[in-house]
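J.: Below you will find the structure I want to go over with you.
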Amino acid sequence: MGLSDILKKKQCFKLVCGAGNEDAQEVEKLVAVYAKAGANYFDLSAREDVVLAAQRGLDRVIPKNKRKNYFLNVSVGISGDPHVRKALIITEKCKACGLCAKACLQTAIAQTTGEYVVVKKRCIGCGACEKICTAAKAVTFVTENVDLKVLLPPLIKFGLSSLELHAVTDDEEGAYAQWNIMNDVFDGVLSLCLDRSHLGDKQLIARIKRFIADRPEFSTIIQADGAPMSGGDDRYNTTLQALATADIVQKARLPVWVLTSGGTNSKTARMAKMFEITAHGVAIGSFARKIIKTYIGRDDFLKNDRAFNGALRIAKQLVDKTLKYL
Ligand code: SF4
Ligand code: SF4
């Protein structure tokens, strides 16, 4: 079974480890527990150690003869896209109040010798720290410039099923240039992650049409993003924008697969069904990670059956509920 088959059958649960999540140990734990729970597609940071960690996670729980039913994706993003930026605390402005550290679901803010600093490899760019630092305004963001022609070919050799471009930007030509590089270096499925924060509905569809023009039918996933990395809460409202984006894509009747993401949670698939929105799969990140956070945080997680099974029970409820309604 290939990636297209699970999309065609609407049986795709994509666990988003976080495009910016460079914590390989955490990725191994997340992939192991969610693969065991029934997730079949995994979104990873574009780093060799992270891809290898995900493969180790699969090796732990999936027999070799079933591995062909599990798919890995790496994500890259264009400069400024929230998925690939990293927070940075400006020391001179910081009042050391600690509010940002409490707000960070990734536990990516540490206090060292009295100063608060961002642990880069754990930061996923969600912006929660910036939102809470209203008085001092001490949080800014940086995006590392990467050359996709150099970055991607060595990673593709690890047997990736797809590559994803986060293109939450109004820089149409910049996004198109990155997309074309991905087209050139990879002949498998490409995924384009878009939301409507920078694009009107017509522009959104025009961008998709332009980007898929030279690609075979149904070789592209449109990841219909709502409010990126806002799904920490399990509310209908959080998931609303992702479904609205999916609805617009669906109504354009394009030869693409549609996945919802960005604010997705346990309500997403059910709500899509209620509103007659076709989604071939659901990608869940913040919410999926948050509900097993206390277990995953343990150093002995992969060796402690009680901790692993505790997380597994919670993860399985989310995966089962999602696949049931798709
Ligand atoms: S919330 Fe702002 S002022 Fe407070 S510790 Fe964080 S960066 Fe510093
Ligand atoms: S709150 Fe979000 S953006 Fe800020 S440090 Fe944590 S993960 Fe990074």
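J.: Looking at segment 277-294, is at least one residue surrounded by fewer than 17 Cβ atoms within 10 Å (Cβ to Cβ) and among the aliphatic types (A, V, I, L, M)?
T.: No - not one qualifying residue is present in segment 277-294.
J.: Another question, then. Evaluate the following for residue 124: is it within 9 Å of ligand 1 (Cβ to nearest atom) and β-branched (Val, Ile, Thr)? Break it down into steps so the answer makes sense when it comes.
T.: Working: within 9 Å of ligand 1 (Cβ to nearest atom): no; β-branched (Val, Ile, Thr): yes.
Criteria not met by residue 124.
J.: Can you tell me which residue is nearest to residue 208 (Cα to Cα) among those in segment 165-186 that are touching a residue at least 40 places away in the same chain (Cβ under 8 Å) and part of a loop (DSSP other than H, G, I, E, B)?
T.: In this case the residue turns out to be 167.
J.: What tally of residues in segment 130-161 results from selecting those that are away from ligand 1 (no atom under 16 Å from the Cβ) and at positive phi? Spell out how you get there, then give the answer.
T.: Within segment 130-161, the first condition is being away from ligand 1 (no atom under 16 Å from the Cβ), and the residues that meet it are 143-161.
In the following step, the residues that additionally are at positive phi were identified as 159.
Result for segment 130-161: 1.
J.: A further question on this structure: Under the condition of being near ligand 1 (Cβ under 9 Å from one of its atoms) and within 19 Å of residue 20 (Cβ to Cβ), which residue from segment 88-103 is surrounded by the fewest Cβ atoms within 10 Å (Cβ to Cβ)?
T.: It comes out as 103.
Yes/no matrix, rows are residues, columns are (1) within 22 Å of residue 197 (Cβ to Cβ); (2) not small (Gly, Ala, Ser):
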site: 80; (1), (2): yes, no
site: 83; (1), (2): yes, yes
site: 90; (1), (2): no, yes
site: 105; (1), (2): yes, yes
site: 129; (1), (2): yes, yes
site: 134; (1), (2): yes, yes
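Throughout, read-outs are computed from the coordinates displayed, never taken from laboratory work. Computed from a predicted structure; not experimentally measured. Backbone-built Cβ (ideal geometry, glycine too); neighbour counts: all protein chains shown.
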